[in-house]
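Any read-out appearing in this document is the output of simple, stated calculations on the displayed coordinates, not a laboratory observation. As the structure is a prediction and not an experimental result, all values here were calculated from the model. Cβ atoms come from the backbone with ideal geometry, glycine included; neighbour counts cover every protein chain shown.
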Amino acid sequence: MEYKQKNPDALVDMIDIHKYFGSVQVLRGIDFHVDRQEIVGLLGDNGAGKSTLIKVLTGFHTLTRGQIFFDGDGVDIASPHDARELGIETVHQDLALVPLMSIARNFWLGQEPTYKVGPFHFMDKKLMASESIHALADVGIHIRDPEETVGTMSGGERQSIAIGRAVYFGKKLLILDEPTSALSVGETQKVLDYTIAAKEKGMSVIFITHNIRHVYEVADRFTIIERGHKLGDFYKSEVTENEVADMIVTGQIPERLRLYEEVAVGD
Amino acid sequence: MMQAYLENKNEGRNIGLLVTLLMFGFTLIGALVALMVLLWWMPLGEYENILLDDFNAYEVIVIIAGVIYAVCCARTTFGLLRREQSSLRWSQWMFFIALIIGGAILLSVIIPVGLKFALLLGQNIDLRTQITEEVGGLVPTVLSIGEGLISISVLVLVLIALLALFVFIIPPLESLRRMEGIRLIVAPPRRLIQAILLVFALGIICVLIAGIYAVPLHLDKTKIRIAEDHRILAGLIFFLPAFFGYRQVRQMREESDELRRAVALTPGKFIRAELAKSPSAGAIIGFIAIFMTFTMATDLFLEPSSIASYLSNVATKGVIAIGVTYLMISGEFDLSVGSVLGVAALSFMLFMTEGAPVLGVLDPIPAALLAIFVAMVLGAVNGVLLITTRIPSFIVTLGTLLAYRAITLVAIAGGRILRYRDYHAEFPVFVISNIVFVALAVIGLALVAFTAYRVLPVLLQGAGRAWSIRRENGDFGTSGAIIRFAVFLVILLILLAIVLWLVAVFGYHIGGELVEVGYFDLFNGRVSYIGSEGDFFHLEIPRDANVRLAILWWFIFVAIFHIILTSTSFGNSIFAAGGNEGAARAQGVNVDRVKVQNFVIVAGLTGIAAIYETARNPGVDPLKGQGWELEVIAMTVIGGALLTGGYGSVVGSLLGALIFGMLQTGLVLVGIESRLFSGTVGVIIIAAVVLNTFVRGAQRN
Ligand SMILES: Nc1ncnc2c1ncn2[C@@H]1O[C@H](COP(=O)(O)OP(=O)(O)OP(=O)(O)O)[C@@H](O)[C@H]1O
Ligand SMILES: [Mg+2]
């Protein structure tokens, strides 16, 4: 089937995304887009398919049906490596770090800096250590020792490192799947600040969380999905925090907003 | 109070002077021991092996160590007299070393007596009747045995030593739990440890008592007993004062915050923390323990022939263990290596004799390469089966274990052995100029020089920085960098000496007649001498030492694969693939490819091992390699690799293989029946893994 881009100016335009795991139909025809320099809050109840949708976008899952456009081109993201090449960095909800490896090695995993000795490439361990310290310090995470194994760190520290890594490497799109679930109030505020900073630097952000307050503070638009379907897109100016929360819980669009929704669907 | 002493105050004087005196005492002891051995007053080793006009390996080691120890103690004594802060730390280390020496000497009595007792048990001897016979039907008492008096003194002394050891072990365990930066999930309950240690100590005492009863019945009375008695005394001379000194200094350190900061880590903690960093901590401890045990239990263990025997025996399996370690770190498992080995050996043999399809009869080197390729194809099949079916690798390779075995079973008719000799061909040889060897040695020289060029400046810088920090802070500060530098320098010099020697050996006849080298010898020949007879640099290997070239290849492979694992991005992705497959994939690591690559690597190394085996004994039977898979996995697991993936080291697999080899050879040497071998290995595996887990538990949660 031929797909046409629906939002020609968008950074990411995912059209008619279907994802089945065997007979389990997790995503059933979702259209999702992210504009340039936009923070989108991707919301929905547990098991709605948010993580699955971004895993499709980052090449972790191959999609069953549908088409992804990135930067105006139809792309076939076959692996997470492809997604990284496009400039997409992700903090996954459940796949952040390797506990038995050191901070520095986790930080650079998949794109280790190397130097050449004759025909051989060796990891530049010194650079890995110093750069990871600096990069994490830049986003406000101060680590004692880059050689420390991640397994010895607290859940929040781990999450911070994963976020720091995504912020450091992200070029065009930053995807944060429940980034603040283990963070203290202060750390959470930092994450919200980077999110805005990233936007100001010209990146777009997809922010997934169950904490409406956080996402309402930073997001420009909300996309709500409900058991594999999209309920709708809502700009912040159109909805209140409570309405968003209600929609997630009830899976219904309030009377007042139906009009917007039809307009949005119609164009 | 020690602090007071160091600050030149009056109240700490007595203790301070006592410690100083003790330290001076150890200076004397160190020097005396070295001198006594040097002047043949104190020959070491069992009687039959002592040659008065020659030093054996023990004696040389003891002399060198004694001198170094005496010098260090003298420096420390001097420091204590001058009241330098760092002398405290030095004294701790010196006492610690004395403790270990004393403990080792004591163990050297305990272990053989225990072993001899175990031997008696193994022979099903009823101790009671034997003893009764010996003393003429009387109720056996210690005194009624000829050397009873000695036995009692031995017993009492050993008991004291054990008690001291017992008191000494508990506090470090306690402090391990409090160690900064380290979190134990479940601290082992102290009571339990105490109970275990108590039972253990009681057990040792029982064994000792029984052993002391039993030994005179079976062994020559005049020799060993007296020597052991001396050793007990010597051990206690080291152990008890050192124990006192160590405790004293540690107590001092605990009392003062300032000193605690200065003497950051006590020796025990330092060693434990360093061990916790290594994946193969259990293997290191196990290696040292087993090595020491056998060294003390029998003199023969340090003979070149024994060392060669245990190295040669495991070199081939060790090569496979490298690959299995890779695979295990990436979270997979290969049961089919034994069958792959059989197929590769068969292919190698057939390619040289019957000929390969299309290519015809091959020379040994192409035949070997092709056989290794065949093995790699089998490995690739394993890997592809795994990633396409997503069946656990245990099942996949269990299937291929059986399937690949069918190849050799079908190819070699029932129970026969396919021998090279049956083809009435001479063993293949090639002729080569000496220059090639010289060139190789020169390349080695260049490699050493290059390493030095890259690493030395960095280490020197670090050492310099540490040195100036020491200077600035008075004498505080770390000396780790300095020690690292020194150790590296020594290793470098040794390597340099070896390479230069090789250059000399081969350069001696440069341009002279050509050398004839057997292909099989090149792969895994027996090395009996290096350099030609009559040369100055000539090295002859003892006639009974079976030194195989595969040992050298094995070490080279270990070095290469260690570097790949720890210092390349491929190595990094191996760890990630096994540590958290999803996270690795999410970061763009192609986990499937890494796994297939690892299966190919294992199979390739197995192919190489097959070449060694076939070269050593040019014959292939249908069951060649059967059962190897489990032994190799055992080596890997002893070496610290986690069965669940994500953790392990190639050096660990080397140690695991060495432990295996030492057990095989050592048990025969001490006269324990080889039937006990697998039982012992079983115990060792579990012990090593428990140790690994315990040390690692201190590191992660
Ligand atoms: N690999 C898989 N195989 C089968 N079903 C899956 C798989 N991954 C996800 N699912 C199913 O898809 C549904 C959506 O999962 P997903 O993780 O996308 O939800 P989510 O919106 O991120 O929820 P949460 O807010 O709890 O993180 C769930 O019902 C889950 O069981
Ligand atoms: Mg989710």
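Structure above, values below:
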quantity	calculated
For chain A, size of Cβ-based charge dipole, Lys and Arg +1, Asp and Glu -1, in debye	600
Approximate spin-label separation A:Leu257-A:Asp73, in nm, with each point projected 7 Å along Cα-to-Cβ	3.6
Two-site FRET efficiency, A:Val117 against A:Glu85, from Cβ-Cβ distance with R₀ of 30 Å, rounded to 0.05	0.65
Among the listed pairs A:Lys172/A:Lys199; A:Lys55/A:Lys201; A:Lys172/A:Lys201, those beyond 21 Å (Cα-Cα)	A:Lys55/A:Lys201
Spin-label model distance (nm) - A:Arg227 vs A:Thr250, 7 Å beyond Cα toward Cβ	1.7
Euclidean distance between Cα centres, the range B:421-458 to the range A:150-201, Å	53
Residues of type lysines that A:Lys6 reaches as a straight line, Cα spacing below 16 Å, ignoring anything fewer than 8 places off in the same chain	A:Lys230
Cα-projected label distance for B:Ala406 with B:Ser433, points at 7 Å along beta-carbon direction, nm	5.3
Cut-off 18 Å, label 7 Å out along Cα→Cβ of A:Lys201, residues of the range A:12-42 by amide N	A:36-40
Candidate lysines - alpha carbon under 30 Å from B:Lys269, same-chain residues fewer than 8 apart omitted	A:Lys125, A:Lys126, B:Lys9, B:Lys277
Estimated FRET transfer efficiency (B:Val517, B:Gln626; beta-carbon r; R0 35 Å; 0.05)	0.65
Theoretical gain in end-to-end length, B:Thr566 to B:Leu39 [0.36 nm per residue, Cα-Cα removed]	185.0 nm
Helix-derived mean residue ellipticity, 222 nm - over chain A, DSSP H n ≥ 4, -39500 (n - 2.57), to 500	-10000 deg cm²/dmol
With 5 Å bins from 0: P(r) over chain A, alpha-carbon pairs, percent	1, 6, 13, 16, 18, 16, 13, 8, 5, 3, 1, 0, 0, 0
Computed E for B:Asp544/B:Asn617 - FRET, C-beta separation, R0 22 angstrom, nearest 0.05	0.70
Choice from A:Ala197, A:Ala166, A:Ala135 with maximal GNM fluctuation in chain A (Cα, 10 Å cutoff)	A:Ala197
Difference of contour (0.36 nm per residue) and Cα-Cα distance, B:Leu21 to B:Ile237	76.3 nm
